[in-house]
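Notes to accompany the following structure.
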Amino acid sequence: MTIRVHITPPQGEPLVLDVAGERWVEPSGEAETTIGRDLWALPGLVDAHSHLAVARLDYGPGVFEEAIERARMALAHGVTLLIDKGWRDDTTIRVIDALEEAERPDIEAASVLLAAPGGYYPGFAREVAGRDLAAQVVNAAEEGRGWVKLVGDWPRRGVGPVANFTEAELRSAVESAATRGARVAIHTMAREVPSLAVAAGVQSIEHGLFLTEEDIAMLGGRAGMWVPTLLRVETTIAQLGETSSGGRLLEDGLANVRGLLGTAVEAGVHVLAGTDLVGTPADVADEALKLAEYGLGVDQMVEAVSSSAWAALGRPAPFTVGSPADVVLFPANPVTDPGVLRHPVMVVRRGRVV
């Protein structure tokens with residue numbers, strides 16, 4: 001059966017493509033089925049900071065069967081690309097292997113997180129001294145699917161957030177990951193660590209509340225990624241209490257983010273949306289709308305939850321001949337009616353209607 005898709009992106013010219021197998025091809029002949037007329041198209045939504053292994057932030061082991069269902073649910077809600085930033089085990093890696101690509105989003109993933117001794121929740125991450133980080137990153141890259149996740153800082157009692165690794169150690173981690181074709185993502189909520197990570201060449205800054213304008217310029221110069229996870233930060237503040245030392249620190253960080261998001265995009269940074277267990281990947285539109293609340297233009301916000309991720313990962317541009325036949329259709333233009341991001345009317349994954 002020939003499927004022909006009318007593709008009207010929020011920005012740019014409309015086009016028409018046919019599906020051949022799992023790929024886009026030039027239209028030819030008569031189509032048996034035509035979709036997309038009077039609808040608006042994105043290549044899909046992207047959750048760039050996901051944890052498929054569990055449903056909530058309880059730090060337990062992953063539940064494989066439930067992770068399978070979350071992956072399927074994400075696709076049904078229009079998520080066609082997902083970057084899983086790791087867990088305490090390999091649940092997401094097993095999900096990737098268990099499901100056919102047409103049954104789930106395209107997934108890149110870290111496996112087990114790496115942290116310094118005492119530098120994360122006890123028993124959760126793989127603890128590694130800084131001098132051994134490069135070797136352990138090689139192992140983590142081989143276990144993962146394109147990513148290694150580091151915990152860059154963690155609060156110590158009576159001291160506050162402390163860096164887990166030096167800039168030199170982080171640089172060695174990035175270089176070691178690259179030998180296995182992997183990128184490095186880093187958790188950081190402390191004041192000084194984002195600058196260390198950017199200077200070291202880390203590709204994706206997770207949270208990164210205290211990035212500076214100098215960091216943004218450097219990160220943008222190499223088209224790096226920043227995933228602020230604003231809903232996660234707001235949720236953590238509510239849990240800690242706004243008047244606690246941790247709550248005040250994170251509030252300061254959010255104030256800093258408000259002044260940087262738009263500047264970051266203009267500087268070439270790929271600002272991306274990530275759920276980080278506030279909801280599931282199916283709820284990534286909520287994080288996208290929060291990015292707009294904190295300063296992204298609506299067009300920038302739509303890119304942050306869709307096309308920007310393809311560019312950041314160096315993937316073929318969506319909606320080009322030969323690229324995967326993925327499209328998510330909406331009843332209105334997300335740039336003029338952002339709420340429709342929550343309500344796609346049709347999802348096509350690898351040429352198959354979900």
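The values are calculated or read from the model by the stated rules, or taken from the named source; none is laboratory data. Note that the structure is a prediction, hence the values are computed from the model and not measured. For neighbour counting, all protein chains shown are included, and Cβ atoms are generated from backbone atoms with ideal geometry for every residue, glycine included.
Quick one: which residue in Val227, Val151 is crowded, with 21+ Cβ neighbours inside 10 Å, in contact (Cβ under 8 Å) with a residue 60 or more places away in the chain and either under 17 Å from Tyr120 (Cβ atoms) or in the same structural domain as Asp286 (by TED's automatic domain parsing) (or both)?
Criteria check complete, one pass: Val227.
Are there helices (runs of 4 or more DSSP H) fully within the stretch 261-354 with at least 2 residues that are of a type in the set (Gly, Ala, Ser) and within 26 Å of Glu206 (Cβ to Cβ)? List them.
261-266, 284-293, 307-312
I need the full set of residues from the stretch 106-123 which are within 21 Å of Gly146 (Cα to Cα) and in a loop (DSSP other than H, G, I, E, B), in order please.
Ala110, Ser111, Leu113, listed by residue number.
Could you tell me whether any residue of the stretch 50-57 is of a type in the set (A, V, I, L, M, F, W, C) and at pLDDT below 95?
Yes - at least one qualifying residue is present in the stretch 50-57.
If you scan the stretch 1-53, which residues turn out to be closer than 30 Å to Asp90 by Cβ and free of Cβ contacts under 8 Å to residues at least 60 places away in the same chain?
Within the stretch 1-53, Ala53 is the sole residue that qualifies.
Could you check the stretch 295-354 and list, in sequence order, the residues that are farther than 14 Å from Ala273 by Cβ, surrounded by 18 or more Cβ atoms within 10 Å (Cβ to Cβ) and among the charged types (D, E, K, R)?
Once the filter is applied, which keeps residues that are farther than 14 Å from Ala273 by Cβ, surrounded by 18 or more Cβ atoms within 10 Å (Cβ to Cβ) and among the charged types (D, E, K, R), the stretch 295-354 yields Asp326, Arg349, Arg350.
So which of Arg258, Arg248 ends up being charged (D, E, K, R) and free of Cβ contacts under 8 Å to residues at least 12 places away in the same chain?
Criteria check complete, one pass: Arg248.
Which residue, of Leu260, Leu329, is in the same structural domain as Gly220 (by TED's automatic domain parsing) and either modelled with pLDDT of 95 or more or within 23 Å of Glu101 (Cα to Cα) (or both)?
Of Leu260, Leu329, the one residue that is in the same structural domain as Gly220 (by TED's automatic domain parsing) and either modelled with pLDDT of 95 or more or within 23 Å of Glu101 (Cα to Cα) (or both) is Leu260.
This table checks each residue for (1) at negative phi; (2) in a loop (DSSP other than H, G, I, E, B); (3) at pLDDT below 95; (4) surrounded by 16 or more Cβ atoms within 10 Å (Cβ to Cβ).
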| residue | (1), (2), (3), (4) |
| --- | --- |
| Leu133 | yes, no, no, yes |
| Gln136 | yes, no, no, yes |
| Ala141 | yes, no, no, yes |
| Arg171 | yes, no, no, yes |
| Val174 | yes, no, no, yes |
| Gly181 | no, yes, no, no |
| Arg191 | yes, yes, no, yes |
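Mind telling me which of the residues Leu17, Leu52, Leu39 ends up being surrounded by 16 or more Cβ atoms within 10 Å (Cβ to Cβ), under 27 Å from the mean Cα position of the chain (by Cα) and outside the structural domain of Glu103 (by TED's automatic domain parsing)?
When all the criteria are applied, what remains is Leu39.
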